[in-house]
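Novice: The structure under discussion is supplied below as structure tokens; questions concerning it will follow.
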Amino acid sequence: MIESGNRKAGASGITRYISAFGIVEGYYIILITKRRKVAVIGHHTLYKIEDTIMIYIPHDSVRINHPDESRYLKMFQSIDLASNFYFSYSYDLTHSLQHNLTEPKQFVARDLNLEPNQVDLESELKADLHPNWILFITHGFVSQSNINVFGRPLYLTLIARRSSKYAGTRFLKRGSNFQGDVANEVETEQIVYDSAVSSLNSGHFTSFVQMRGSIPGHWKQDMGKMVGKPAITIDFYDPFAETSGAHFNELLKRYGAPIVILNLVKKRERKPQESMLSDELSTAVKYLNQFLPVEHQIVYKTFDMARKNKSNSNVMEQLAGIAKNAVTKVGIFHNQRTYFTQKPSTVIGKTEKQVSGRQTGIVRTNCVDCLDRTNTAQFAIGKCALGYQLCALGVLDTPNLEFDTDCVRMLESLYEDHGDTLALQYGGSQLVHRIKTYRKTAPWTSQGNDIMQTLSRYYSNTFSDAEKQNAINLFLGLFKPSENQAQIWEFASDYYFHHKPNIFSLKSLTQWWEPGVYGCLPYAYNDVTKACFELVQVHSNDVEMIDSYVDFYRPNEFNVLSEVFAIKLSSTVDFMPICTVNYSPFAVRARPDKRREETLLKGNTSKNPSVTGQSSTSSAASSTSSSSDEDSSGDEDSLNSDATRDTFSKDSTPEPITFKYLFPSTEEVYGFQIKKPSREDILIYKKYVLTGKRANGTAHSAFLSNKTGIKPVSCFLKDDAYEVKPPIVNQKSIEIYQNYVALGKYGPKIPERADIAMYAKYASLK
């Protein structure tokens, strides 16, 4: 390809053998020039792209200028590869841990069409490019923290994978296409493992997968009018739920059964808006379930989160009950045998010969935008799953985790950053309705920050979403510039980029799943039919290409301890108060965490976590409703609602840091005051010490007048580590043991005459 581009231009000009990503003057190569280590899974390292460079491949002497090249190039480069793109050299980041640890069932030739999250590569590229040169990148979110359980490191990793199908911005991508690909589809995986043993085969690894996605169907919100919340309109109705069936068929194929739907949209409104979507989804689920057996049917649960929050109900407590039912239905993945002491009630998931637990099914959460309410619900589900994961690792006896603990605060921080990042990608601003809003612990000073986030989201959706959508379509290869067609900015809509023609579909309206999917339930079709693409014969485990230990630890290199990833990794210790006597990450603490205190002392404000990498939970949490959480009638507008403003916790203002606050007395901490002991107590202690000295023969005082002699009495001799004298056993004990051994070796002896006579007499009585 490079050779053909460097040839001198002839009369016929340049012949384009392979299409590039919408670039009309030639080919570019994108090089990753800077990376950052963000997480480790066993011996595998996950990296975040920090910086890239785009190089034009053909020589300038053969370059033919095109008037639209600079505009396309600027549009393509508006997709910042240094923002939330991740990759790994040795770990398949595009699949879940459960799928990666599943043994392949067959061997087939490698086909790039089977790879997820990929750009539509040209057939020439598939044929000419060796698979080892292809390294897939994932767009989403990756973060890792350490649950420090008295020095035992348990790594908690949160991975979000954004789907490349039907991708776009908030108001321009709603519902789904005809193939069942929904907007804002994100798969979130929560991995917890004991990092003391990093091997994927020998270590204890657990994972839980959930997802979010727009309500499957053909609906939209028209941005033609300058309004904060456009009206929801349904393009056309789907009486046989073909679109929903295609979507849920893909979920059964990837995750298995059951599919648990948690629908958070409003059910009662003065002017039906969100409730229309809820009715459409409920009708589709009822239609699809009538063709499935009861054990594999879709579980549908509704929860009007906005109304519950307005009525001052305990939203998080109700979400915890829903989360427990959902998590116990689908289970978690655990790659090792359960501990002997683990309670059976804490073992969830399908077991295979008692070797491992497998997650079968998926918890699917949605609201209208799948941003604010969805992120809070996913945190509640992740908190419940974390309890079962810690039980599987032998850390907890019961899967109950309290909110005001270091462990849950760290999990909340991860999900806040997770929600902020996904909201920036899809909605153009950070979260407006945060977890603390529904916990009723948000400070009243957060209203200004909430209003700014709402305005930022409105501006982004109104003025910049169209350009973002064109850049996404160009980046994903959905539009390819050509001399004989209109340019991308000349299209009034990108509808036909994402909706393939489906006129001659002969798919059954009752068997809405693929033939092979049903036979694998409740297990996932992709796991059951997992294929191996390449077999490599190795003669030693020390071969560099398979020695993950050496590649991860690099024992031949010098490392500065302060630069080691495990040292720099955030931990539950960071959330621990400055003065504490209980170092358990599961202890309930009423005082603010250490990180919050340091932030308040420095007077820092929150920053974008996707840019700075800082925790968003240190910011002032939100208490106002986003446009997705507002009722169209205006009765739930929390920006001007006195009822909502009264729910703020004014007690969350921190107290001033004083010397007494930093160094409490022993009476406050331990319940007693240190003072000089009395004379009677000193005499008792001296008598106790001298008694011990007389017992071991080291006393030299006549303080004890009665000369009490205490000697240890034991049937064991004073043996040492070098010689042990065997005890003397009498003959009777030896005979008992010999008879016991003979009974197990030769079987029972013949009964004596007296025993036979006694049994005969007993039998004759009957």
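Any read-out appearing in this document is the output of simple, stated calculations on the displayed coordinates, not a laboratory observation. Note that this is a predicted model, so its numbers are computed, not measured. Quick reminder, even Gly has a Cβ in these numbers, built from the backbone with ideal geometry, and neighbours come from all protein chains shown.
Novice: Highest mean first, what order results for 182-195, 464-477 on Cβ atoms within 10 Å? Kindly include the intermediate steps, with their values, before the conclusion.
Specialist: Working: 182-195: 23.4, 464-477: 19.0.
So the peptides 182-195, 464-477, ranked by packing, come out 182-195, 464-477.
Novice: From the P(r) of the stretch 138-222, could you give the percentage of C-alpha pairs in the tail past 18 Å?
Specialist: In whole percent, the share of Cα-Cα pairs in the stretch 138-222 beyond 18 Å is 55.
Novice: Among the listed pairs Lys165/Lys253; Lys266/Lys507; Lys343/Lys436, which have their C-alpha atoms separated by more than 25 angstrom in this model?
Specialist: Flagged as over cut-off: Lys266/Lys507; Lys343/Lys436.
Novice: Continuing with this model, one more query. Taking H as built 1.01 Å from N, whose amide H comes closer than 5 Å to the amide H of Ala39, not counting residues under 5 places away?
Specialist: Amide H to amide H, under 5 Å and 5 or more residues apart or across chains, Ala39 pairs with Leu46.
Novice: Summing +1 for each Lys or Arg and -1 for each Asp or Glu, what net charge is found among the other residues whose Cβ lies under 14 Å from the Cβ of Val260? Could you put the intermediate results ahead of the total?
Specialist: Details: positive: Arg212, Lys301, Lys324, Lys329, Arg364; negative: Glu295.
Here the charged neighbours net out to +4.
Novice: With the cut-off at 16 Å, report for the stretch 297-385 the share of all Cα pairs above it, as a whole percent.
Specialist: That fraction is 59 percent.
Novice: A 28 angstrom limit on the alpha carbon distance is what I want to check against. Which of Lys301/Lys383; Lys105/Lys350; Lys286/Lys329; Lys267/Lys350 exceed it?
Specialist: Lys267/Lys350, as the Cα separations exceed 28 Å there.
Novice: Work out from phi, with θ = phi - 60° and the Karplus expression 6.51 cos²θ - 1.76 cosθ + 1.60, the ³J(HN,Hα) of each residue of the stretch 468-484, listed in order in whole Hz, and give x for Gly and Pro.
Specialist: For the stretch 468-484, the Karplus-derived couplings read 4, 5, 4, 5, 5, 4, 6, 5, 7, x, 6, 10, 10, x, 8, 5, 9 Hz, x marking Gly and Pro.
Novice: Ok, one more. What relative contact order, as a whole-number percentage, does the stretch 173-299 give when Cα pairs under 8 Å and 6 or more residues apart are counted?
Specialist: Averaging sequence separation for qualifying contacts and normalising by length gives 23 percent for the stretch 173-299.
Novice: Sort 321-332, 29-40 by packing, meaning the average of other beta carbons within 10 Å per residue, with the highest value first.
Specialist: Highest to lowest by the protection proxy: 321-332, 29-40.
Novice: State, as an integer percentage, the relative contact order of the stretch 306-420 based on alpha-carbon contacts under 8 Å between residues 6 or more apart. Present the calculation step by step, with values, prior to reporting the outcome.
Specialist: Working: 133 pairs, mean separation 28.6, N = 115.
It rounds to 25 percent for the stretch 306-420.
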